[in-house]
Amino acid sequence: MSFTLRSGCKINLLLNVLGRREDGFHELETLMQPVPLFDELNFEQAGKGFHFTCSDASLPTDGGNLVVRAAELFFAAAGITEGASVHLEKRIPAEAGLGGGSGNAATTLLGLNKMFEEPLPLERLHELAGELGSDVPFFLDGRPALALGRGEQVEHRDPFPALDGAWLFLARPGFGISTPWAYRSLADHPEALNGRPGRAKALADTLTLGGLSDAADGFYNSLEAPALRKFPILAIYQEFLTDNGAQVALMSGSGSTTFAITSSKSAAETLGERFRSRFGATVWVRTLALQ
Ligand code: C5P
């Protein structure tokens with residue numbers, strides 16, 4: 001048996017940190033929007049053990065890769081001793097705040113569960129996903145979501161009407177940002193560390209009942225406080241993007257990707273051309289329909 005599954009990514013329309021928890025994680029509320037940009041995972045049944053290969057030689061292929069950790073958790077939980085091979089064709093950049101690795105982990109759980117004829121119910125996959133990473137449960141389902149707790153408590157939402165027909169521009173500079181570093185550094189930014197709850201629901205409501213321009217001020221990311229101070233180029237990107245037609249420009253997750261939203265394809269394409277000619281070819285960029 002052999003099949004291929006797509007593995008997507010996300011942007012955080014809002015990421016509001018509410019405080020540091022006893023367990024070292026941070027309590028937050030976030031609005032997560034799926035982005036139609038995909039890696040591919042090829043699954044093949046194999047005699048024994050788990051075999052993993054990846055098109056990107058810079059990524060680990062041992063337990064340092066979430067695909068391998070997801071497979072180990074799956075096989076242990078399902079009590080399966082037969083083997084599988086997985087190949088990952090990587091297109092989504094790493095350390096980008098797009099959740100590409102978390103998406104790969106969720107897709108591995110779904111793919112192996114399909115291969116072995118669904119030994120685990122969806123609730124069990126959710127538990128395993130939460131063990132793998134705070135973002136992973138979101139990727140078991142392709143819908144937008146409001147997520148709480150450390151990000152693993154996912155409430156799905158219908159696609160937001162304000163984003164109908166909107167376009168997305170993504171720019172990931174030639175450096176990544178470490179997620180643990182970004183959260184740890186909030187200690188130097190008490191206002192960003194202790195956000196006021198309710199902003200995620202307020203933005204979700206405006207995106208449901210109003211237009212994109214009504215919602216523009218509600219987009220927010222607490223992790224920008226440390227990230228934009230350490231990497232001022234990210235603030236320069238945002239200023240350039242809003243000066244050149246973006247309705248919204250914000251860092252996604254813990255960075256380093258900046259996303260911009262425009263109300264039309266032509267505005268996004270113009271933005272992309274201007275951005276490339278201003279900041280050059282070392283930045284990874286994509287222009288795509290948002291939903
Ligand atoms: O859950 P995940 O593996 O993605 O988290 C990576 C790191 O980011 C954690 O080890 C923690 O340092 C930080 N983090 C956090 N609070 C969250 C999510 C992540 O402090 N809600």
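Can you tell me which residues in segment 264-291 are open to solvent by 30 Å² or more (accessible area, probe 1.4 Å), modelled with pLDDT of 95 or more and either at positive phi or in a loop (DSSP other than H, G, I, E, B) (or both)?
Matches in segment 264-291: Ser264 only.
Run down Phe43, Phe3 and say which single residue is exposed (fewer than 15 other Cβ atoms within 10 Å of the Cβ), aromatic (Phe, Trp, Tyr), part of a strand (DSSP E or B) and on the phi < 0 side of the Ramachandran plot.
Criteria check complete, one pass: Phe3.
Find the residue count for segment 217-237, including only residues that are within 20 Å of Leu271 (Cα to Cα), outside any loop (DSSP other than H, G, I, E, B) and open to solvent by less than 30 Å² (accessible area, probe 1.4 Å).
Residues in segment 217-237 being within 20 Å of Leu271 (Cα to Cα), outside any loop (DSSP other than H, G, I, E, B) and open to solvent by less than 30 Å² (accessible area, probe 1.4 Å): 2 in total.
Pick from Glu117, Glu95, Glu123: which is of a type in the set (Asp, Glu) and assigned to a helix (DSSP H, G or I)?
Selected residue: Glu123, the only one of Glu117, Glu95, Glu123 that is of a type in the set (Asp, Glu) and assigned to a helix (DSSP H, G or I).
It is to be established whether one or more residues within segment 31-38 are out of contact with any helix residue (DSSP H, G or I) (no Cβ under 6 Å at 6 or more places or on another chain) and within 19 Å of His126 (Cα to Cα).
Yes: one or more hits.
If Leu207 satisfies all but one of (1) of a type in the set (A, V, I, L, M); (2) without any contact (Cβ under 8 Å) to a residue 40 or more places away in the chain; (3) closer than 28 Å to Glu269 by Cβ, what's the number of the condition it fails?
The number of the failed condition is (2).
How many of the residues making up segment 17-53 are within 23 Å of the chain's Cα centre (by Cα) and more than 16 Å from the ligand (Cβ to nearest atom)?
Here is the first cut: in segment 17-53, the ones within 23 Å of the chain's Cα centre (by Cα) are 17-21, 23-43, 52-53.
Pick out the ones that are also more than 16 Å from the ligand (Cβ to nearest atom) and you get 33-43, 52-53.
Of the residues in that region, 13 qualify.
Select from segment 145-181 the residues that are open to solvent by less than 10 Å² (accessible area, probe 1.4 Å) and under 22 Å from Thr282 (Cβ atoms) and write down the one among them that is nearest to the ligand (Cβ to nearest atom).
Ile177
For segment 116-139, name all the residues that are away from the ligand (no atom under 15 Å from the Cβ), under 13 Å from Phe74 (Cβ atoms) and among the aliphatic types (A, V, I, L, M).
Residues satisfying the conditions are Leu120, Leu125.
For Tyr237, are the conditions met, namely being within 22 Å of Lys201 (Cα to Cα) and among the aromatic types (Phe, Trp, Tyr)? Can you show your working first?
On the way: within 22 Å of Lys201 (Cα to Cα): no; among the aromatic types (Phe, Trp, Tyr): yes.
So Tyr237 does not fit the description; no.
The values are calculated or read from the model by the stated rules, or taken from the named source; none is laboratory data. Remember, it's a predicted structure, so these values are computed and weren't measured experimentally. We place every Cβ from the backbone using ideal geometry, glycine too, and count neighbours over all the protein chains shown. Ligands, DNA and RNA are stripped out before the accessible areas are found, and what is left, the full protein with its side chains, is counted by its heavy atoms. Shrake-Rupley method; radii C 1.70, N 1.55, O 1.52, S 1.80 Å.
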